[in-house]
2 protein chains.
Amino acid sequence: MIASQETQRRPRGSLSRQSIGAAALRVIERDGLDSLTMRRVASELSCGVMSLYSHLTDADDLRGVVVGQLIDRMDLRPCEGESWQDATRRMLSTYADLAASFPRSFELLALAGADQRPVAPNMERLVDLLVAAGLTEEDALIALSVIDAYASGFLVIAVRNRPTAASVERAAPHQHDRLARLHHLDSYDVGAEVVIAGLEQRFEGRRSGRKQ
Amino acid sequence: MIASQETQRRPRGSLSRQSIGAAALRVIERDGLDSLTMRRVASELSCGVMSLYSHLTDADDLRGVVVGQLIDRMDLRPCEGESWQDATRRMLSTYADLAASFPRSFELLALAGADQRPVAPNMERLVDLLVAAGLTEEDALIALSVIDAYASGFLVIAVRNRPTAASVERAAPHQHDRLARLHHLDSYDVGAEVVIAGLEQRFEGRRSGRKQ
DNA sequence: ACCTGAACACCGTTCAAGT
DNA sequence: ACCTGAACACCGTTCAAGT
């Protein structure tokens, strides 16, 4: 027992913000957002807890790394000759797809402070996308503000109330709760069209010289 | 030291969901949402941690009690002869006032699952308010879905990015970040009018026989 | 520069016990 | 029925130390 200590030491370069982020994402989607802890991620990577601190400043930074992972997984390439309405629809459905793919991590992105490192550049890209589709920068900022608030609010609430295996089990078969329909994904598209119609009216109203 | 043990025992009736909720709200607004713990609330009430479990099932229930406190503090009485547009404006500004008054607790309400006990009855009240203002129940549910998602998303993000004393200190005086304006309270009203305009168009469009 | 374990001050919750 | 302390299995992070 004294000889050749078997404690495997992790090779030097095998840890990075990237690999930690991927592991963190796996932990959340498997075990839930509350399970995103330094210790669980270290265990997922089979490394000591303190090894993470060579790449992260603190637990908040760990959440930031996950936000980066999510942004990386959201592809929204510019598309030539697209109306701003269609660009908006594409943004909204890309966002919803991301929420569906990573339901338990999604709120980290949706509610992330603008100060989180990877968020601001992504927002800039979205503004540019709307400007490329013909909006003024002023209008693009207004549109993005409403779109982001609507989509973030809707999707975070939808994802939090997402039926679990347990809740489906215990639900009465004919539970006709009128509120249950409120945040289901059908109404996401309805709300999207409401927001787009409202923006159309605002932008056209301004162009034809009306006040406000 | 042996005589008359001084350990003050709390009188029997002095703890309740109500008083625990009020203490929890104080803790959050003073120390932040991360400080909402069983132990801190017990300390705020000068009682043993385990005393809380006579009134709460678990930590999740503690957050539920805070949600109840917030709903109690949101007064939104029905108002005779009000258009649904004005009722919507009143709902949106009441919600914003609540976020301003309880910035660190607000997200517990805004993102609460519909399963949290006090949330559903409150939603029912809001539906009734819109129906009283002339909408069909179908339209009221659509309106509330969009309004709630927009307001919750906007206000939670705004409140999370709310400038702290520290961040104001370190901000450059002429930092003209175009994204900074995105989630400030001026744009809240802009977005509110966009949503209302979109709903108007949808409801009027349907009334005049157009499809969708 | 990167990885590690021990130690400390927290946390929720179970259990057994007081009144 | 309501209140309590000790104990247990967690948590983030500091520190001192290995390579």
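Computed values, structure above
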| read-out | value |
| --- | --- |
| Answer from B:ALA42, B:ALA96 - the residue that is small (Gly, Ala, Ser) and under 30 Å from B:PHE154 (Cα atoms) | B:ALA96 |
| Boolean, A:LEU108 is within 16 Å of DNA strand D (Cβ to nearest atom), out of contact with any Gly (no Cβ under 8 Å at 6 or more places or on another chain) and not assigned by TED's automatic domain parsing to the domain that holds A:ILE157 | no |
| Every pair of residues 6+ apart whose Cβ atoms lie under 6 Å, when the first sits in region B:140-164 and is under 26 Å from B:ASP31 (Cβ atoms) and more than 7 Å from every other protein chain (Cβ to nearest Cβ) while the second is of a type in the set (D, E, K, R) and in a helix (DSSP H, G or I) | none |
| All positions within region B:35-51 that are more than 8 Å from DNA strand C (Cβ to nearest atom) and under 18 Å from B:ARG117 (Cβ atoms) | none |
| Among (1) in a helix (DSSP H, G or I); (2) in contact with a helix residue (DSSP H, G or I) (Cβ under 9 Å, 6 or more places away or on another chain); (3) not assigned by TED's automatic domain parsing to the domain that holds A:LEU130, the one test that A:GLN85 misses | (3) |
| Region B:11-55: number of residues that are away from chain A (no Cβ under 14 Å), part of a helix (DSSP H, G or I) and within 11 Å of DNA strand D (Cβ to nearest atom) | 16 |
| One residue from B:LEU92, B:LEU62, B:LEU70, B:LEU108 being within 12 Å of DNA strand C (Cβ to nearest atom) and within 17 Å of the chain's Cα centre (by Cα) | B:LEU62 |
| Looking only at region B:109-133, and only at residues there that are closer than 29 Å to B:VAL27 by Cα and either away from chain A (no Cβ under 12 Å) or among the hydroxyl-bearing types (Ser, Thr, Tyr) (or both), the one that is surrounded by the fewest Cβ atoms within 10 Å (Cβ to Cβ) | B:ARG117 |
| Positions within region A:136-162 being more than 28 Å from B:ILE142 (Cα to Cα) and not in a helix (DSSP H, G or I), in sequence order | A:THR136 |
| Condition check for A:SER93: under 30 Å from A:GLN201 (Cα atoms), polar (S, T, N, Q) and either away from DNA strand D (no atom under 13 Å from the Cβ) or more than 14 Å from chain B (Cβ to nearest Cβ) (or both) | yes |
| Residue check for A:ASP61: part of a helix (DSSP H, G or I), within 14 Å of chain B (Cβ to nearest Cβ), within 10 Å of DNA strand D (Cβ to nearest atom) and modelled with pLDDT of 95 or more | no |
| Matching option when the condition is in a loop (DSSP other than H, G, I, E, B), away from DNA strand C (no atom under 12 Å from the Cβ) and within 14 Å of another protein chain (Cβ to nearest Cβ), among B:PRO103, B:PRO78 | B:PRO103 |
| Pairs, first assigned by TED's automatic domain parsing to the domain that holds B:ARG10 in region B:34-54, second more than 9 Å from DNA strand C (Cβ to nearest atom) and modelled with pLDDT under 95, C-beta under 6 Å, six or more apart | B:CYS47/B:ARG10 |
| Filter result for A:GLY32 (crowded, with 19+ Cβ neighbours inside 10 Å, closer than 20 Å to A:SER101 by Cβ and more than 9 Å from DNA strand C (Cβ to nearest atom)) | no |
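The values are calculated or read from the model by the stated rules, or taken from the named source; none is laboratory data. The structure presented is a predicted model; accordingly, all values stated were derived computationally and were not measured. Glycine also receives a Cβ, built like all others from the backbone with ideal geometry; neighbour counts cover every protein chain displayed.
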